[in-house]
Each structure stands twice: as structure tokens, then as C-alpha cells.
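Take a look at the structure set out below.
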Amino acid sequence: QQYPQALERVAELFSASRWGATYLARHPILLDEFLDARQLGAIPDLSEFRRELETELDRLEPDMERQMDVMRERLHAQVFAMLTKDIAGKLTVETLADHLSALADLILELTIPTCWRKLRKRHCETPAFCVISYGKLGGKELGYSSDLDIVFLFDDPNPDAMELYSRLAQRINN
């Protein structure tokens, strides 16, 4: 009753996208996004998003559980912002895929060093590790329900490297 325009947007979302309705039901905190009319403006600036997220992750160090929660929350908000713009007809398919792919890359780029710092038995400051994406992410064609097809590679002669990088990959997947 307090926000009739938000109710209209929710009804529009539910009628336009079954996936969007399910996403909102899974993440009800995103209802706040409907209260901000600016959400239908320009595409979110990912460089600003990255700076803000890095600052927040640094502030939360060493609480990895909270860092992961913040990354998920911010990711969900970004995806939802794109969905609202998409439903409003303000995005092309290409722009949406580019943004979602860049967002996935950004989250992976921040996740790797965050997880690496948490490994106790690491023998170097920077991992000799990379993530190769293929499928929709590799082709920069992510959609809302795309999964990330990724492969982890390492090049490290240390005798404990296999165990170390396996743990790193597990944490990244989480």
C-alpha cells in the first residue's frame, strides 16, 4: 500500500518472466530495488561496482562467510537490475549478455584472491592459477539462467600444488 508503483512493477515482472518471478521469490530482499525509480536508468557501471565491492570485501576481511554473502547479495542485485531494465525494454540481447558476462568475469576476478588469502598452506603470495571459461561465458553470451562452464588450471611445481589448487577451486565454486 505504501509503494503502489512497486506493486505495479512486481505484477509486471511476474507476468513478463517466470524466471524473474522465481528469482524474486528466492531473493525477496531485491524488492527494495523496485522502490528506487533510478533502477530503470542507465546500465550499472561495473567499474564503480567493482570498486565498491572490493572496498566492502576488504572491510570484511578476514570474515570469509560474510564476504561470500556480500558477493552473492551484490551479484543478485546486479542481475535483478538488468532484469528490470530488460523487462522495461531498455536493453538489447547483446547488451544484456555482455553485462552478465562481464559481471561473471568480475566476480571470478575478485573471488580468486579472496579465496587464495584464506588458504593456510599456500607457499606463494600469488597463485599460479587461472580460470578458463567456455560455453556461454567463454562466448560472452550469458543469459539469466546460464551456468558457468569453467576449468581451473595451475602451473606450479610445488609438491603440494595439486592439493592446494584443488582446495582453491572448491572454494571458488562455493
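Would you say R59 is open to solvent by 70 Å² or more (accessible area, probe 1.4 Å), closer than 27 Å to P113 by Cα, of a type outside the set (S, T, N, Q) and without any contact (Cβ under 8 Å) to a residue 60 or more places away in the chain? Show your work before the answer.
On the way: open to solvent by 70 Å² or more (accessible area, probe 1.4 Å): yes; closer than 27 Å to P113 by Cα: yes; of a type outside the set (S, T, N, Q): yes; without any contact (Cβ under 8 Å) to a residue 60 or more places away in the chain: yes.
Judged against the criteria, R59 is a match.
Return yes or no: is S146 at pLDDT below 95, in contact with a Lys or Arg (Cβ under 6 Å, 6 or more places away or on another chain) and among the hydroxyl-bearing types (S, T, Y)?
Working: at pLDDT below 95: yes; in contact with a Lys or Arg (Cβ under 6 Å, 6 or more places away or on another chain): yes; among the hydroxyl-bearing types (S, T, Y): yes.
When the stated conditions are applied, S146 passes them.
Are any of the residues in the stretch 141-148 at positive phi, open to solvent by 40 Å² or more (accessible area, probe 1.4 Å), in contact (Cβ under 8 Å) with a residue 40 or more places away in the chain and in contact with a helix residue (DSSP H, G or I) (Cβ under 9 Å, 6 or more places away or on another chain)?
Narrowing the stretch 141-148 to residues at positive phi: none.
Within the stretch 141-148, not a single residue is at positive phi, open to solvent by 40 Å² or more (accessible area, probe 1.4 Å), in contact (Cβ under 8 Å) with a residue 40 or more places away in the chain and in contact with a helix residue (DSSP H, G or I) (Cβ under 9 Å, 6 or more places away or on another chain).
Kindly establish whether E73 is closer than 23 Å to E56 by Cβ, open to solvent by 40 Å² or more (accessible area, probe 1.4 Å) and of a type in the set (D, E, K, R).
Working: closer than 23 Å to E56 by Cβ: yes; open to solvent by 40 Å² or more (accessible area, probe 1.4 Å): yes; of a type in the set (D, E, K, R): yes.
Answer is yes for this residue.
Residue by residue, here is whether (1) open to solvent by less than 40 Å² (accessible area, probe 1.4 Å); (2) aliphatic (A, V, I, L, M) holds:
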site: D86; (1), (2): no, no
site: V93; (1), (2): no, yes
site: L96; (1), (2): yes, yes
site: H99; (1), (2): yes, no
site: W116; (1), (2): yes, no
site: K121; (1), (2): no, no
site: F129; (1), (2): yes, no
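So which residues in the stretch 74-101 are aliphatic (A, V, I, L, M), farther than 20 Å from K136 by Cα and free of Cβ contacts under 8 Å to residues at least 60 places away in the same chain, if there are any at all?
Let us first name the residues in the stretch 74-101 that are aliphatic (A, V, I, L, M), namely 75, 77, 79, 81-83, 87-88, 91, 93, 96-97, 100.
Right, trim to farther than 20 Å from K136 by Cα and you get 77, 81, 87-88.
Correct list: A77, A81, A88.
Got a sec? Which of I107, I87, I112 is touching a Leu at 6+ places or on another chain (Cβ under 8 Å) and over 26 Å from G20 (Cα atoms)?
Working: I107 fails: over 26 Å from G20 (Cα atoms); I87 fails: over 26 Å from G20 (Cα atoms).
It is I112.
The values are calculated or read from the model by the stated rules, or taken from the named source; none is laboratory data. Being a predicted model, the structure only gives us computed values, none of them experimental. Counting neighbours? That spans all protein chains shown, and the Cβs are built from the backbone with ideal geometry, glycine included. Remember, those area values only see protein heavy atoms, side chains included, never the ligands or the DNA or RNA. Shrake-Rupley method; radii C 1.70, N 1.55, O 1.52, S 1.80 Å.
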